[in-house]
């Protein structure tokens, strides 16, 4: 089968590789659509931290935002999965440790991460092996575009839940990228008043969001930092109302310094969000009901042969932020 392989910094190519064979407890998914995100771009540039601490190495096959159809079953997998449209969790815990047993497999020390950690192959390929425990079935109302947006949506939904966004709450979201925009969509669906802050907000404004290029003089019950700017985590804590909630889901390329005295003296609740694991089912439900429509965030769908160019290019802040890949186009 064809798969996109990163062989080194700024080096990637489509290769013919052996198709996966289902191990016991696994399924094989024919990939309908896959997305790329900032993590994938960092693998392509060589900046991703996992490349420097031994959790990942070249060559690697990226792609952790995906949907597809189950085409083969490993031993022990219920036959009902065959032919179903699915998406799945990126985080593949060992299923044996205390964290996994308590429902926190995304924090498992020995976890694999699809397309990211310890060489687990990603979804920028025609077929993908996935453990059945990681699967989530997709209803017919969630098409390929929305299906491949479930993983980033699950991340955003977890951030919105941690922010306590709901009726009567005013939320500021730092960073109008894919996660920030999805968080804004989910927060609006929950009834919150949402504001977005960013250097360039044209596309977010086109979606009808209230946007700012500087911090507005308003009280905010919660602030979600979905940016990659090292200075904004501190700004989030300084901006939120005393007794409010701050959620950190963005990752800067360098350490972010936050004065814990601000957190203590303002009696803030601060939450970090890693992964979509706890938000996948909720994202699917909201997409299926029409409460949230992520499809406007996808600006282009390309084939595997165009992935390297897309990862190397700069994103136009005035256009939709997400690129999808159709592995068979």
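Residues that are part of a strand (DSSP E or B), at pLDDT 95 or above, surrounded by fewer than 17 Cβ atoms within 10 Å (Cβ to Cβ) and out of contact with any helix residue (DSSP H, G or I) (no Cβ under 7 Å at 6 or more places or on another chain): does the range 124-139 have at least one?
So far as the range 124-139 goes, yes, one or more of its residues are part of a strand (DSSP E or B), at pLDDT 95 or above, surrounded by fewer than 17 Cβ atoms within 10 Å (Cβ to Cβ) and out of contact with any helix residue (DSSP H, G or I) (no Cβ under 7 Å at 6 or more places or on another chain).
So which residues in the range 163-194 are in a loop (DSSP other than H, G, I, E, B), touching a strand residue (DSSP E or B) at 6+ places or on another chain (Cβ under 6 Å) and either without any contact (Cβ under 8 Å) to a residue 12 or more places away in the chain or on the phi < 0 side of the Ramachandran plot (or both)?
The initial filter retains those residues of the range 163-194 that are in a loop (DSSP other than H, G, I, E, B), namely 164-169, 175-177, 190-192.
Still in the running and touching a strand residue (DSSP E or B) at 6+ places or on another chain (Cβ under 6 Å): 164-165, 176, 192.
165, 176, 192 - these are the residues of the range 163-194 that are in a loop (DSSP other than H, G, I, E, B), touching a strand residue (DSSP E or B) at 6+ places or on another chain (Cβ under 6 Å) and either without any contact (Cβ under 8 Å) to a residue 12 or more places away in the chain or on the phi < 0 side of the Ramachandran plot (or both).
Residue 328 is checked against (1) over 22 Å from residue 47 (Cβ atoms); (2) touching a strand residue (DSSP E or B) at 6+ places or on another chain (Cβ under 6 Å); (3) loosely packed, with under 14 Cβ neighbours inside 10 Å and fails just one. What number does that condition carry?
(2)
Quick one: would you say residue 208 is outside the structural domain of residue 47 (by TED's automatic domain parsing) and closer than 26 Å to residue 42 by Cβ? So that I can check it myself, show each step before the final result.
Details: outside the structural domain of residue 47 (by TED's automatic domain parsing): yes; closer than 26 Å to residue 42 by Cβ: no.
No; evaluated as a whole, the condition is false for this residue.
Could you please give the count of residues in the range 221-275 that are surrounded by 23 or more Cβ atoms within 10 Å (Cβ to Cβ) and either on the phi > 0 side of the Ramachandran plot or in a loop (DSSP other than H, G, I, E, B) (or both)?
Within the range 221-275, residues that are surrounded by 23 or more Cβ atoms within 10 Å (Cβ to Cβ) and either on the phi > 0 side of the Ramachandran plot or in a loop (DSSP other than H, G, I, E, B) (or both) number 7.
Kindly provide the set of residues from the range 311-329 that are within 18 Å of the chain's Cα centre (by Cα) and outside any loop (DSSP other than H, G, I, E, B), ordered by number.
311, 322, 323, 324, 325
Out of 255, 233, report the one residue that is under 21 Å from residue 177 (Cβ atoms) and in contact with a strand residue (DSSP E or B) (Cβ under 6 Å, 6 or more places away or on another chain). Lay out the reasoning, then the answer.
Working: 255 fails: in contact with a strand residue (DSSP E or B) (Cβ under 6 Å, 6 or more places away or on another chain).
Sole residue among the options that is under 21 Å from residue 177 (Cβ atoms) and in contact with a strand residue (DSSP E or B) (Cβ under 6 Å, 6 or more places away or on another chain): 233.
Conditions tested, residue by residue: (1) without any contact (Cβ under 8 Å) to a residue 60 or more places away in the chain; (2) more than 12 Å from the chain's Cα centre (by Cα).
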| position | (1), (2) |
| --- | --- |
| 112 | yes, yes |
| 117 | no, yes |
| 125 | no, yes |
| 135 | no, yes |
| 138 | no, yes |
| 147 | no, yes |
| 158 | no, no |
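The values are calculated or read from the model by the stated rules, or taken from the named source; none is laboratory data. Keep in mind the model is a prediction, meaning the values are calculated, not measured. Note that we place each Cβ from the backbone using ideal geometry, even for glycine, and neighbour counts take in every protein chain shown.
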